[in-house]
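The values are calculated or read from the model by the stated rules, or taken from the named source; none is laboratory data. Computed from a prediction, not measured in an experiment: that's the story for all the values here. Cβ atoms come from the backbone with ideal geometry, glycine included; neighbour counts cover every protein chain shown.
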Amino acid sequence: MDKNIGLPHHGGASYLNPLKIGAGAGQQEPLTLVHPDPYLLKFNGRYYTYATAKAGVVVLRSSDLVSWEHLGYGFQLEGHKEYWAPAAVYENGRFYLYVSSMPITEEDVHEERLMVAVSDTPEGPFEYVRTFYDTFSLDAHVVKDEQGDYYMFYSNNEYSGVDRDRAGTVILVDKMLDMVTPAGDPQIVVLPTIDEEIYEENRFGDGRDWHTIEGAFYLKRGTKHYMMYSGNAYVRPNYFLGYSVADGSKGQPLHELEWNKYPSDDQYEPLLRKNDGVEGVGHNSVVRAPNNVDSWVFYHGRNADDVLDMDREQRTMRADPLLWSGDRLYIAGPTYTPQTAPAQPTFRDLFDGREEGLGELWQAAAGSWTRANGEALQTNRAVIAGAVTKSAYSHYVLEASVKWSKDHTGGLYGIYAAYQDESNYVSVLLDVGRRVLRAHAAYKGIQHEAIEHALPESFNFAVYHLLRVEKTGDNYRIQLDEVKVIDKRFPITSGSVGLQTRYTAASFAGFEVTRHLALTDASSTAFAEQLERTSGDGICRVSGGELHCRSKQGLRTAWLLDSLGDAASGEAYRFDTDILVKRGSEYGVYAAYTDERNSVEAVLNRTAGSVTVSSCIDGEASVLSSVTLDAANFDWTVWHTLSSTVVNGCLTIRLDDQVVFAGAVSSLAGLPGLVGAGEASFRETRYTMLNK
């Protein structure tokens, strides 16, 4: 068995790689069972994945990321074959598919050309729009930045094809003028630099090897930008995932970043590589789990026991969680044994079925509500209509898709970000007439000044748009279509959440809420207000998305977080944080704290060079695990990630890429927090309830 493959599973839903594909409508058997180069897109609460195939772009659908339904081919172009590495983007009512293909009359794969097609639905059929380049080009990832501008990462051979030492395929980036038009000024992102990236030895007979860097996928965390890529040839067992990093602290646009491979240009330390069960792993995408918090990597691979058959597609879709080790990416895979399934939200309604009303999950105050075909519809234009959850939420992540039903009188529609009663609420509404997104609060019957974000003339209210709210206490961070537009503190700290229309008709889809409390640059003050010092006399200072804790005279001090739910009754949750322990200090986390006689903690001791997990049950202290950290490899001057997960009375403690404890702990209940003596800093701190 491979070491460090997979994470402990303590019950609940599970999955097994490769992921299974079921037959779709009209299919006796799934049209295809393989799924190479998987690209994931979430729309209206459901997931779609697009994959390479000879006959067309394969499309699957899922609601949980584990069970997939085959939808057939989403794009086929007459006279073409070999549809490679599709990627889909939804923007303002239309789905854009970026994919490479070649004429059926050609045999040379270097006739693959990158093109774009468009559809009104995620499953297609997509219609061809244009071909971008008259040269070998493939593997696009089109991304939206924090200002709402689009960029396209892709691969070609021309940039580095005649290099004397490292000829090969590279990754470039170009700004998009619109969804189908690159600016025409591509910049280099990743070049081949090591032998492990060789695709073919002595390709030209002159001693030059051909290298390949492909499968671009971009993501961002804090001020760091990450470019994931695949290296060498997909048919080779040692095809791998690597990544480059760029510092974005100066706010540079994506095409002006300076990228550096991890760990360096001349070191081979892949993020994902072959093991005893899987080989040929690579070409990934990343998507949030249904809880809209956790990130998951989807990639392809082959069963290691299978004999490679060049005449048969053998790459199957697989998935593992994307984790962090300070500023480094980490995947505990590729896995091939049962693993914990992607986490579900605390509350979720995909509005399946067909019925009058919204069902027992909701309290409808007014309006004419129905649910059908994955949508909730409110059709009464003569009332202020609302429907809210029966449970209240203090800290959460909420996502909901909203769409206006066109009418000459305009419309106001959106969500309740918090609702207590008609005199106390926070609304987030799209205003058709004024072309703004508006957030406002009523508190004790007094209307507070609204905050507005202007929308462009091209904004189409009559199609679905995604609202995302990250709430920490009284701080509301509001995103529209993945772009932050409003960050505001309102006087409502807790309440139900729900749907709202004001004298208009509208549709809603994919309503999901997860109890979640996070420390970010925007929420740092509100997050700090959820901490309470429970012992010692230390201080905790918040600055720039970080907590800086210091205890006086080296005495232990502890701070606990506000509850997300009734943790004492056995709720499942995860508490993780980046941590930087200063010289001569020991700091860590409470995985669970009930009182001074009952707690479980994981503490990093810089003087001893160790991490220790210990418990105190009814005043009896015991060490559950103590690991000495390798002085040659563990750098105390950089950030590390410390994670604790509590599920079904079992505890898992992970430090970076090492599980330091996993097992049952008696009387495991309470709240998480921070604890230690000396000085330490914390960032990217997250407390998330897990739906078992």
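Test T534 against the criterion of being in contact with a Gly (Cβ under 7 Å, 6 or more places away or on another chain), modelled with pLDDT under 95, closer than 23 Å to G588 by Cβ and surrounded by fewer than 23 Cβ atoms within 10 Å (Cβ to Cβ), and give yes or no.
Here the answer is no, as T534 does not meet what is asked.
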Check your understanding: Does D64 fit the bill of being charged (D, E, K, R), crowded, with 22+ Cβ neighbours inside 10 Å and not assigned by TED's automatic domain parsing to the domain that holds V402?
Key -> no
Exercise for review: Sort out which residues of the range 585-596 are outside any strand (DSSP E or B) and modelled with pLDDT of 95 or more, and write them in order of number.
Suggested key: S585
Revision key, fill the gap. Output for Cβ contacts, cut-off 6 Å, separation at least six or different chains, first residue under 12 Å from T121 (Cβ atoms) in the range 35-52, second in a loop (DSSP other than H, G, I, E, B) and not hydroxyl-bearing (S, T, Y), reads F43/P122; Y48/P122
Check your understanding: Checking A364 against (1) assigned to a loop (DSSP other than H, G, I, E, B); (2) small (G, A, S); (3) over 22 Å from the mean Cα position of the chain (by Cα), which single condition isn't satisfied?
Key -> (1)
Revision key, fill the gap. Of the residues in the range 638-668, those that are in a loop (DSSP other than H, G, I, E, B), modelled with pLDDT of 95 or more and surrounded by 15 or more Cβ atoms within 10 Å (Cβ to Cβ) come to W639, D656
Exercise for review: Those residues that are in a strand (DSSP E or B), more than 30 Å from A376 (Cβ to Cβ) and of a type in the set (A, V, I, L, M), I need them from the range 511-541; list them, please.
Suggested key: L531, I539
Check your understanding: Within the range 139-159, which residues are crowded, with 18+ Cβ neighbours inside 10 Å and over 24 Å from the mean Cα position of the chain (by Cα)?
Key -> N156, N157
Review point. If you scan the range 583-626, which residues turn out to be hydrophobic (A, V, I, L, M, F, W, C) and surrounded by fewer than 16 Cβ atoms within 10 Å (Cβ to Cβ)?
Key: A608, A621, V623
Review point. Restricting attention to the range 612-627, does a residue exist that is in a strand (DSSP E or B), within 33 Å of the chain's Cα centre (by Cα) and closer than 16 Å to A677 by Cβ?
Key: yes
Check your understanding: Does E679 satisfy being surrounded by fewer than 20 Cβ atoms within 10 Å (Cβ to Cβ), within 22 Å of R550 (Cβ to Cβ) and charged (D, E, K, R)?
Key -> yes
Study note, to complete from the structure: Checked against (1) within 26 Å of R312 (Cβ to Cβ); (2) not in a loop (DSSP other than H, G, I, E, B), Y96 satisfies every condition except (1)
Check your understanding: In the range 388-442, how many residues are surrounded by fewer than 17 Cβ atoms within 10 Å (Cβ to Cβ) and in a strand (DSSP E or B)?
Key -> 1
Revision key, fill the gap. If we keep only residues of the range 228-250 that are part of a strand (DSSP E or B), hydrophobic (A, V, I, L, M, F, W, C) and under 20 Å from R166 (Cα atoms), then the residue nearest to the chain's Cα centre (by Cα) is M228
Exercise for review: Mind listing whichever residues of the range 261-278 are touching a strand residue (DSSP E or B) at 6+ places or on another chain (Cβ under 9 Å) and either surrounded by fewer than 21 Cβ atoms within 10 Å (Cβ to Cβ) or not in a strand (DSSP E or B) (or both)?
Suggested key: Y262, P263, Q267, Y268, E269, P270, L271, R273, K274, N275, G277
Review point. Is it the case that Y151 is assigned to a strand (DSSP E or B), assigned by TED's automatic domain parsing to the domain that holds G26, in contact (Cβ under 8 Å) with a residue 60 or more places away in the chain and of a type in the set (S, T, Y)?
Key: yes
**Study point:** Long-range neighbours under 6 Å by Cβ, at least six apart or interchain, first residue in the same structural domain as Y218 (by TED's automatic domain parsing) and more than 20 Å from R94 (Cβ to Cβ) within the range 172-187, second basic (K, R) and assigned to a strand (DSSP E or B)
**Key:** A183/K175
